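Read the structure below first, then the notes.
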Amino acid sequence: MANMRMDKNPMPEQEPLVRNKNFDEVALGYTEEMAIDEAKRCLHCLRPACVSGCPVNVHIPEFIAKVAEGDFDGAYEVITATNSLPAICGRVCPQENQCEGKCVRGIKGESVGIGRLERFVADYHMQHGHKDGAPAVPESNGHKVAVIGSGPAGLTCAGDLARKGYEVTVYEAFHKAGGVLVYGIPEFRLPKAIVAREIDKLAHFGVKIVTDAVIGRAESIDELFEEGYEAVFVGSGAGLPQFLHIPGENMLGVFSANEILTRSNLMKAYLPEYDTPIKLGKRVAIVGGGNVAMDAARTAKRLGADEVYIIYRRSMEELPARKEEVHHAQAEEIIFKLLNNPVEIVGDENDHVTGIKVIKMELGEPDASGRRRPVEVPGSEYVIDVDSVIIAIGTSPNPLILSTTPGLEATKKGGIVADEATGATSRTGVFAGGDAVTGAATVIKAMGAGKVAAAGIDQYIMGK
Amino acid sequence: MFKIISKRPLNEAKTVIEFVIEAPLVARKARPGQFIIFRLDEYGERVPVTIAASDPVKGTVTIMVQPVGQTTKMLALMEEGDCLADFVGPLGRPTNMEGLKRVCVVGGGVGNAIAYPVAKGMHDRGIEVDMVAGFRSKDIVILEEEMRAGVTNLYITTDDGSYGEAGFNVTKMKALLDAGNKYDEIMCVGPTRMMQRVCEATKEYGVKTIVSMNPIMLDGTGMCGACRLTVGGETKFACVDGPEFDGHLVDWDGIIKRSMFYAEEEKAAEAHICRITGGVREHG
């Protein structure tokens, strides 16, 4: 008998005013009892809409049925048949727009907590290990594939190919594998030990990871082919941070979100034993309204800022960040300055930031994106006193591969042109996916693209 | 891990130390003007250093480091056979040598360690290179033999007159220009103030001047924007658009202010090394 309670089992969390002073994970995860209870809310629809909402096609009702039975190992097998990184997806996917957004339970109440259940299953597996020992490693099929970038797209592509017996080598420019999962998403949302363990599992399937390797500089894609790789997947991610191009943007105390997050997450600047400095003031403004802006704001708070502002030119309704992240940020006392648009960053005689001048906005007619266009209210400028400004308005695709690989076609926005159904690019044997193709998007979309490309590469090599 | 193959001080005062590092992937493609990023160990910062030389056959890369900050001082305490955790590159754009026939390279202090490989690279390609290498005093002169062998004419200057010609490198460069020497380009590497002075001078002579910038960097691949500077009114990233730029277009005041941003942290870190560990980490 299904559990017909209207709302999800709430996620146990650290108290907001405790957690905004530490970097430990905010969400603590379901207990076994909570997981079983939540799993029983699934109605096992004949045509499960949730699955169609999942970019990596997790067989959701099947794994939930296993959880309801208390067969957590079985649930893990169902999930990992199509998703190589469940502990990560369970934490950072925007489920409300994907699987959970399509759940019929969401029509009259709250959807089933699919993401929370996925996380529970993955964490249970990490704690208890594989019940029959480590999974069998497929025999090599003798074909070599190179993957550029060890972010979600690259790791997914590598994992899928390795399970099919391909010899996969992943090249990572940084000193640590994981891409945005390690440099971008903060520890309090996605603990790095979890990322490391998911990557270790890929190593178990024979995936080799070479760090400190900047493909495009140290080696070109053509050279990778000469070394015997039969196909190359480019998952080099979004690279260049966008700035506002307003006066004062190069003053001291203005950072890109990438810089602050990389210092904190990858270089561990928040821990005293690490050498990399991080220097944020007591009053910090973040410009932007996406997940990265929320991450930057919550990081600033944890680093000791007294007042942290999110400055966004539209209203709460248009805020692109996940609702859950916005709620977390609000609970952690992040101050939202909505319908405010920065016009200038002001500073003292030494170019140290002292404030950000903004103009008030009001919503006009819908624009091309369907959202109501913000319009300036004349004469409404005022200065918010801050000593640091973090720009979190997006990134553009990393241009290095495009600029060093002849014959690779680019989109107007600087992405690599890739077939949505196969990941194939304009160069034979070169596939691409993730932010390198689309510009900044989500972890799960990048994983979906990595998965599509893995199938595309398999088809290409087997069809040769 | 990247092994230190050899280590030697480049002058009596030991203000600059040369390290040869085993890094085959970097060595294969490294070209003059490019840089690497190294990290000492798990706790270390990512620090950019210009590539001084590379040997694709041996798979080694040479860097020259002035121990001034916490990381470089700790590096200076490492010995042959020790390993660096990370050594990634080559990064940045190589020096543009297209169409050049005669160039004057002006180096200042440790900047000569960066200027020399570029000067030699140009000379190796048949470009006539006059090099003006300026130092504060005799005890910090580096690479004299190498420079003499690697360029067409070498002029050493010392501020205090203890070696070579007395005076600043800028003065000598001006003297060369005044004597009627014509250069397609002046290439300049050294302390920021010195590069600014050279650029102010060459502007008067109307000679194109390229400078090699070394701002604060984090990832070195264009991702963080920490190394941004204003060139000709536009924001550029030194790591991917540089590190070399047209010196007449660079906003020098902005660069000087930015370079001081972490000065206090750097000072505190240094005090910490001396007092507690003498440069050797307790952990890790």
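Report yes if some residue within the stretch A:394-402 is more than 30 Å from A:Met251 (Cβ to Cβ) and out of contact with any Asp or Glu (no Cβ under 7 Å at 6 or more places or on another chain); otherwise report no.
yes
May I ask you to say which residue of B:Lys14, B:Lys29 is at the interface with chain A (Cβ under 9 Å from one of its Cβ atoms), surrounded by fewer than 21 Cβ atoms within 10 Å (Cβ to Cβ) and not hydrophobic (A, V, I, L, M, F, W, C)?
Result: B:Lys29 is the single residue among B:Lys14, B:Lys29 that is at the interface with chain A (Cβ under 9 Å from one of its Cβ atoms), surrounded by fewer than 21 Cβ atoms within 10 Å (Cβ to Cβ) and not hydrophobic (A, V, I, L, M, F, W, C).
Name the pairs: first residue in the stretch A:343-362 and farther than 23 Å from A:Arg373 by Cα and modelled with pLDDT of 95 or more, second residue assigned to a strand (DSSP E or B) and open to solvent by 60 Å² or more (accessible area, probe 1.4 Å), Cβ to Cβ under 7 Å, at least 6 apart or on different chains?
Between residues of the stretch A:343-362 that are farther than 23 Å from A:Arg373 by Cα and modelled with pLDDT of 95 or more and residues that are assigned to a strand (DSSP E or B) and open to solvent by 60 Å² or more (accessible area, probe 1.4 Å), the close pairs are A:Val346/A:Thr354; A:Val346/A:Lys357; A:Val346/A:Val383; A:Gly347/A:Thr354; A:Thr354/A:Asp385; A:Gly355/A:Val383; A:Gly355/A:Asp385.
More than 24 Å from A:Met294 (Cα to Cα) and aromatic (Phe, Trp, Tyr): which single residue out of A:Tyr124, A:Tyr183 fits that description?
The unique qualifying residue is A:Tyr124.
Tell me which residues, restricted to the stretch A:93-104, are outside any loop (DSSP other than H, G, I, E, B) and buried (at least 23 other Cβ atoms within 10 Å of the Cβ).
Listed by number, the residues that qualify are A:Gln95, A:Cys99, A:Glu100.
Collect the residues in the stretch B:55-85 that are part of a loop (DSSP other than H, G, I, E, B) and within 14 Å of chain A (Cβ to nearest Cβ), keeping them in residue-number order.
Within the stretch B:55-85, B:Pro56, B:Gly59, B:Gly69, B:Ala85 meet the criteria.
For the stretch A:237-247, check the following and say yes or no: at least one residue is crowded, with 23+ Cβ neighbours inside 10 Å and either at pLDDT 95 or above or on the phi > 0 side of the Ramachandran plot (or both).
Looking through the stretch A:237-247, at least one residue is crowded, with 23+ Cβ neighbours inside 10 Å and either at pLDDT 95 or above or on the phi > 0 side of the Ramachandran plot (or both).
If A:Ile194 meets every condition in (1) more than 9 Å from every other protein chain (Cβ to nearest Cβ); (2) of a type outside the set (S, T, N, Q); (3) in contact with a Gly (Cβ under 6 Å, 6 or more places away or on another chain) apart from one, which number is that one?
(3)
Which of the residues belonging to the stretch A:391-431 are within 19 Å of A:Ile461 (Cβ to Cβ) and in contact (Cβ under 8 Å) with a residue 40 or more places away in the chain?
A:Gly423, A:Thr425, A:Arg427, A:Gly429, A:Val430, A:Phe431
Looking at (1) at the interface with another protein chain (Cβ under 10 Å from one of its Cβ atoms); (2) within 24 Å of the chain's Cα centre (by Cα); (3) at negative phi, find the lone condition where A:Ala285 falls short.
A:Ala285 satisfies all of (1) at the interface with another protein chain (Cβ under 10 Å from one of its Cβ atoms); (2) within 24 Å of the chain's Cα centre (by Cα); (3) at negative phi except (1).
Which pairs turn up if I take residues in the stretch B:1-20 that are of a type in the set (Lys, Arg) and look for partners that are in a strand (DSSP E or B) and buried (at least 21 other Cβ atoms within 10 Å of the Cβ) with beta carbon separation below 6 Å, at least 6 apart in sequence or on another chain?
So the pair list comes out as B:Lys7/B:Phe19.
Taking into account only those residues within the stretch B:86-96 that are touching a strand residue (DSSP E or B) at 6+ places or on another chain (Cβ under 8 Å) and part of a loop (DSSP other than H, G, I, E, B), which is surrounded by the most Cβ atoms within 10 Å (Cβ to Cβ)?
So, considering only residues that are touching a strand residue (DSSP E or B) at 6+ places or on another chain (Cβ under 8 Å) and part of a loop (DSSP other than H, G, I, E, B), the one surrounded by the most Cβ atoms within 10 Å (Cβ to Cβ) is B:Gly92.
Name the helices (runs of 4 or more DSSP H) wholly within the stretch B:159-278 that hold at least 1 residues that are within 10 Å of chain A (Cβ to nearest Cβ) and among the acidic types (Asp, Glu)?
B:252-259, B:263-272
Testing A:Met267 on (1) without any contact (Cβ under 8 Å) to a residue 40 or more places away in the chain; (2) outside the structural domain of A:Leu402 (by TED's automatic domain parsing); (3) open to solvent by 10 Å² or more (accessible area, probe 1.4 Å), one condition comes back false. Which one is that?
(3)
Scan the stretch A:77-89 for residues that are farther than 15 Å from A:Pro61 by Cβ, open to solvent by less than 10 Å² (accessible area, probe 1.4 Å) and in a helix (DSSP H, G or I) and report the count.
So the count comes out to 4.
Report the residue count in the stretch B:174-233 for those that are touching an Asp or Glu at 6+ places or on another chain (Cβ under 6 Å) and among the polar types (S, T, N, Q).
Counting residues in the stretch B:174-233 that are touching an Asp or Glu at 6+ places or on another chain (Cβ under 6 Å) and among the polar types (S, T, N, Q) gives 2.
Do you know which residues across the stretch B:155-192 are open to solvent by 60 Å² or more (accessible area, probe 1.4 Å), closer than 30 Å to B:Val68 by Cα and among the small types (Gly, Ala, Ser)?
Correct list: B:Ala166 only.
Say we look at the stretch A:224-274 and pick out the residues that are at the interface with chain B (Cβ under 9 Å from one of its Cβ atoms) and of a type in the set (Ser, Thr, Tyr); which of these is farthest from A:Ile461 (Cα to Cα)?
The selected residue is A:Tyr274.
Would you say B:Gly44 is within 11 Å of chain A (Cβ to nearest Cβ), in a loop (DSSP other than H, G, I, E, B) and buried (at least 17 other Cβ atoms within 10 Å of the Cβ)?
Spelling it out, B:Gly44 is indeed within 11 Å of chain A (Cβ to nearest Cβ), in a loop (DSSP other than H, G, I, E, B) and buried (at least 17 other Cβ atoms within 10 Å of the Cβ).
To keep it simple, each residue is scored yes or no on (1) out of contact with any Leu (no Cβ under 9 Å at 6 or more places or on another chain); (2) more than 21 Å from A:Gln95 (Cα to Cα).
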position	(1), (2)
A:Arg105	no, no
A:Asp123	yes, no
A:Gly129	yes, yes
A:Val137	yes, yes
A:Ala153	yes, no
A:Asp160	yes, yes
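Limited to the stretch B:193-225, what total is found for residues that are among the β-branched types (Val, Ile, Thr), closer than 17 Å to B:Cys239 by Cα and either open to solvent by 10 Å² or more (accessible area, probe 1.4 Å) or more than 13 Å from the chain's Cα centre (by Cα) (or both)?
Going through the stretch B:193-225 one residue at a time, the tally reaches 3.
Name the residues in the stretch A:289-311 that are within 14 Å of chain B (Cβ to nearest Cβ) and part of a loop (DSSP other than H, G, I, E, B), would you?
A:Leu303
Do you know which of the residues in the stretch A:202-223 that are surrounded by fewer than 22 Cβ atoms within 10 Å (Cβ to Cβ) and either acidic (Asp, Glu) or part of a helix (DSSP H, G or I) (or both) is nearest to the other protein chains (Cβ to nearest Cβ)?
A:Glu219
The values are calculated or read from the model by the stated rules, or taken from the named source; none is laboratory data. Values in this document were obtained by computation on a predicted structure and should not be read as measured data. Heads up, the Cβs are rebuilt from the backbone with ideal geometry, glycines too, and the neighbour counts pull from every protein chain shown. Ligands, DNA and RNA are excluded from the accessible area calculation, which covers all protein heavy atoms including side chains. Shrake-Rupley method; radii C 1.70, N 1.55, O 1.52, S 1.80 Å.
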